[in-house]
Amino acid sequence: MKKKLLLIAFLFLQMLSWSQDYRYTANLFSASTIIPNVVYGAAPALNGPFYSSESSTSPQNLVMDIYKPTGDTFALRPAIIFAHSGGFFSGNRNVNDMTTFCDLLAKKGYVTATIDYRLGFSIVDNVPLRSARAVYRGIQDGRSAVRYLRANAALYGIDPNKIYFIGSSAGSFIALHSIYLDTPEVPSYASSTPDLGPLDSGSNLSFNGKPDAVVSMWGAVQSTSIITAENNTPVFLIHGEADTTVPFNTGSPFGYSSMPATDGSNPINTRLDVLGMINKETYFVPGQGHELYGTTNGTWTNGIGGNTYWPIIFNKIVQFLWKQHKPLADYSWTANSLSVNYSDTSTGSLAWWWDFGDGTYSNSQNPNHTYYTAGTYQVKLYVENNIKSWDEITKTVVVNSLSNNQQTVHNFSVVPNPTTNSIFVNWKSNFDLIQYQISDIAGKIISSSSLSNNANEIPMNNYSNGMYFLKISTEDSNQIIKIIKQ
């Protein structure tokens, strides 16, 4: 009984060694660690409380809180920046939805950040101009945050080529314009007195301020005319079709006609379709309004968490972001009797884990595997790339015995089995020599040679305890025998 338990424990440990992480989709970490008050830039901010003069400004540090997976030692992770709602007049980086997103996605292996950006504009004097300039300042700050994380990627364990941006309401105006508004399209109001400067202003100007993918929750753009064929950044548009704060179609935010009309998610999606953009997703909800997952200006409406749309939206965002950086798993296979050659045809993979469906495994890219018996097996290939993003595929593999005119059965026997030292292979057929090979549970060939009736011993003294497979080959047959070393 004790030996049996030891064998079971060994096999269990072998199984654990082949487990997969499913980073970026599964909750790998129990907590996130916050690096607070990180200054990602500086810019002149309008002086309140009424923001009556665009020339009255004071220097403002632009601050973010960075969330990292607690205990994670990997140092090449995608990063996600979050920008809060509030109509460019209120809100901050610590509102409920932003901090919850940051915490939950950090637990899946991302580095996340929630940012403050410049707020304020006059609501009584030239509102169209003032509100448009407020949006432009927010765009500048959002791009500063992207540049900061690219510039400091090594410090925070980030892949500088995978910086994503997610915005809610006003934050989505920042996100969308960051990928669609190009320098030649910057409106003249940005350079009116005082001149707000170019899209990329401040520090880290040698780095790209455009995010690598965007999630827009109930956002809009000044006009879909700014979206051109070159603006092919992946985007996920989320919107309630009955939104009266930021129109789903075309209209003025808040229904306030003094504010410039904007194009919401529906015309944006139509424009992308016209341009043939395929790397996009939408989640449009009939009958639902602004911040449809259960917040008001980022604060939980019920005081405890999101409504029924919260997990739906969260999970859709998880899947969308994962698709931006995952490899694509695939393979082909050819069988010769019980022996199957597997060929990896994946895209973007650097590591491979095979589950052959019979309790054995391999981490070779193109393994050969011999099955113990004929049958139908569910064979899974799990792959990872350089940032530990993953994909997997399972196919049905049919393994047949030899054809009828090849099915010659020889009575090979192995003793002792289980063994503590050597095994002896015995047979009654008239063979001078037979060929053999021994593989471990992962399919790795440990040894191979030949045997004769006068030299039929295979030493296993130096083998670790566990399960092995002995393949005996003759000119007309192959036979697999399971061996236990204990």
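The values are calculated or read from the model by the stated rules, or taken from the named source; none is laboratory data. Just so you know, these numbers come straight off a predicted model, no measurement behind them. When we count neighbours, we look across all protein chains shown, and the Cβ atoms used for this are built from the backbone with ideal geometry, even at glycine. The protein model used for the area step is the full one, side chains on, heavy atoms only, and it has no ligands, DNA or RNA in it. Shrake-Rupley method; radii C 1.70, N 1.55, O 1.52, S 1.80 Å.
Just from the alpha-carbon atoms, what are the Rg and Dmax of segment 165-240 in angstroms?
Rg, Dmax (Cα atoms, Å): 12.9, 38.
Roughly what would the spin-label model give for F89 and S225, points 7 Å off Cα along C-beta, in nm?
Once both label points are built, they end up 2.8 nm from each other.
Which value in nm describes the separation of the simple spin-label points at N47 and N61, placed 7 Å from the Cα toward the beta carbon?
In this crude label model, N47 to N61 measures out at 2.1 nm.
With charges only on Cβ, +1 for K and R and -1 for D and E, what is the dipole size of segment 63-143 about its Cα centre, in debye, rounded to 20?
200
For the chain, what % of the accessible area comes from carbon and sulfur atoms, probe 1.4 Å?
Ligands and nucleic acids excluded, carbon and sulfur give 51 percent.
Placing one identical point scatterer on every Cα of the chain and ignoring solvent, what is log10 I(q)/I(0) from the Debye formula at q = 0.08 Å⁻¹?
-0.62
Return one whole number: the accessible area per residue of segment 285-361 in Å², for a 1.4 Å probe. Before the final figure, lay out each step's value.
Values: 3400 Å² over 77 residues.
Each residue of segment 285-361 exposes 44 Å² on average to a 1.4 Å probe.
Taking the Cα-to-Cβ direction at N462 and at A242 and moving 7 Å from each Cα, how far apart do the two end points lie in nm?
Roughly 7.6 nm, to one decimal.
Under the classification rounded if a/c is under 1.5, otherwise prolate if a/b is larger than b/c and oblate if not, where does segment 356-486 fall, given a ≥ b ≥ c as square roots of the Cα gyration tensor eigenvalues?
Oblate.
Can you give the charge dipole size of the chain about its Cα centre, rounded to the nearest 20 debye, using +1 on the beta carbon of Lys and Arg and -1 on the beta carbon of Asp and Glu? Please list the in-between numbers first.
On the way: 31 positive and 34 negative charges, 229 e Å.
Dipole magnitude for the chain comes out near 1100 debye.
Send over a whole-number figure in Å² for the accessible area per residue of segment 98-244, probe 1.4 Å.
Values: 4250 Å² over 147 residues.
Counting only protein heavy atoms, the per-residue value for segment 98-244 is 29 Å².
With every protein chain left in place, what is the accessible area of L451 in Å² (1.4 Å probe, nearest 10)?
10
How many angstrom lie between the C-alpha centres of segment 252-268 and segment 64-99?
One Cα centre to the other: 27 Å.
Rounded to the nearest 0.05, what FRET efficiency do T250 and F284 have when you use their Cβ-Cβ distance and R0 = 22 Å?
0.90
What order, most packed first, do the peptides 272-282, 309-319, 97-107 have when packing is the mean number of other Cβ atoms within 10 Å of each residue?
On the way: 272-282: 13.9, 309-319: 16.3, 97-107: 22.4.
Highest mean packing first, the order is 97-107, 309-319, 272-282.
Just in segment 144-243: which GluC sites (Glu not before Pro) are loop by DSSP and have at most 15 other Cβ atoms within 10 Å? Walk me through the numbers on the way to the answer.
On the way: sites: E185, E230, E241; in loops: E230, E241.
Answer in residue order: E230.
From largest accessible area down, sort D355, D195, D141, D125; use a 1.4 Å probe on the protein chains.
I get D195, D125, D355, D141, largest accessible area first.
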